[in-house]
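The next block holds one structure in the form of structure tokens; read it before the comments.
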């Protein structure tokens with residue numbers, strides 16, 4: 001059978017090429033499409049890297065009560081125990097978190113706000129996220145510096161290029 005098929009393929013080369021194209025093209029397009037679709041979704045490990053940077057091991061975004069379980073990609077949160085209606089103080093909550101973490105762990109307070117941002121008479125309209133970090137040594141894993149340096153003092157901030165462009169500022173200007 002293989003000998004007869006080979007003889008037919010040699011005799012009708014155009015038809016053989018057409019059959020190969022009609023079978024091979026859809027397989028190639030389907031394979032390429034599957035690769036593109038799957039590469040668009042980040043894996044849980046990649047998502048953790050995007051969220052926490054290179055140095056952090058966990059992010060606690062708020063008090064939810066005891067018995068909270070969250071998957072690494074932060075897509076689902078499960079409340080698995082009885083909750084409490086009274087949230088602790090921030091200091092008490094951080095102390096409880098440190099008690100639950102392995103020895104030698106540290107907490108870095110990272111707070112986000114949406115302020116009114118201006119530079120002189122220029123006011124930035126729309127949503128801007130400003131973060132306050134209690135320990136600047138945690139920043140290298142959270143941000144990538146394109147120009148300038150990471151902040152080392154309380155009055156310095158990290159700003160994305162789009163905000164600088166919209167406010168017509170440069171690195172080192174007063175915000």
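Quick grid of which residues meet (1) modelled with pLDDT of 75 or more; (2) touching a strand residue (DSSP E or B) at 6+ places or on another chain (Cβ under 8 Å); (3) more than 30 Å from residue 165 (Cα to Cα):
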site: 11; (1), (2), (3): yes, no, yes
site: 14; (1), (2), (3): yes, no, yes
site: 34; (1), (2), (3): yes, no, yes
site: 51; (1), (2), (3): no, no, no
site: 66; (1), (2), (3): no, no, yes
site: 76; (1), (2), (3): no, yes, yes
site: 93; (1), (2), (3): yes, no, yes
site: 98; (1), (2), (3): yes, no, yes
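Can you confirm whether residue 70 is at pLDDT below 80 and more than 23 Å from residue 107 (Cβ to Cβ)? Step through it out loud before you land on a result.
Working: at pLDDT below 80: yes; more than 23 Å from residue 107 (Cβ to Cβ): no.
The answer is no for residue 70.
Return the residues of segment 147-173 that are surrounded by 13 or more Cβ atoms within 10 Å (Cβ to Cβ), part of a loop (DSSP other than H, G, I, E, B) and free of Cβ contacts under 8 Å to residues at least 12 places away in the same chain; say none if nothing qualifies. Matches in segment 147-173: 156 only.
Report yes if residue 18 is at pLDDT below 90 and surrounded by 10 or more Cβ atoms within 10 Å (Cβ to Cβ), otherwise no.
Numbers: at pLDDT below 90: no; surrounded by 10 or more Cβ atoms within 10 Å (Cβ to Cβ): yes.
Spelling it out, it is not the case that residue 18 is at pLDDT below 90 and surrounded by 10 or more Cβ atoms within 10 Å (Cβ to Cβ).
The set of residues in segment 29-47 that are surrounded by 11 or more Cβ atoms within 10 Å (Cβ to Cβ) and assigned to a helix (DSSP H, G or I) comprises 44, 46, 47. Of the set (1) in contact with a strand residue (DSSP E or B) (Cβ under 9 Å, 6 or more places away or on another chain); (2) at pLDDT 75 or above; (3) not in a strand (DSSP E or B), all apply to residue 115 but (2).
The values are calculated or read from the model by the stated rules, or taken from the named source; none is laboratory data. Just so it is clear, the structure is predicted and the values come from calculations on it, not from any experiment. Reconstructed Cβ throughout: ideal geometry from the backbone, glycine too, with neighbour counts over all protein chains shown.
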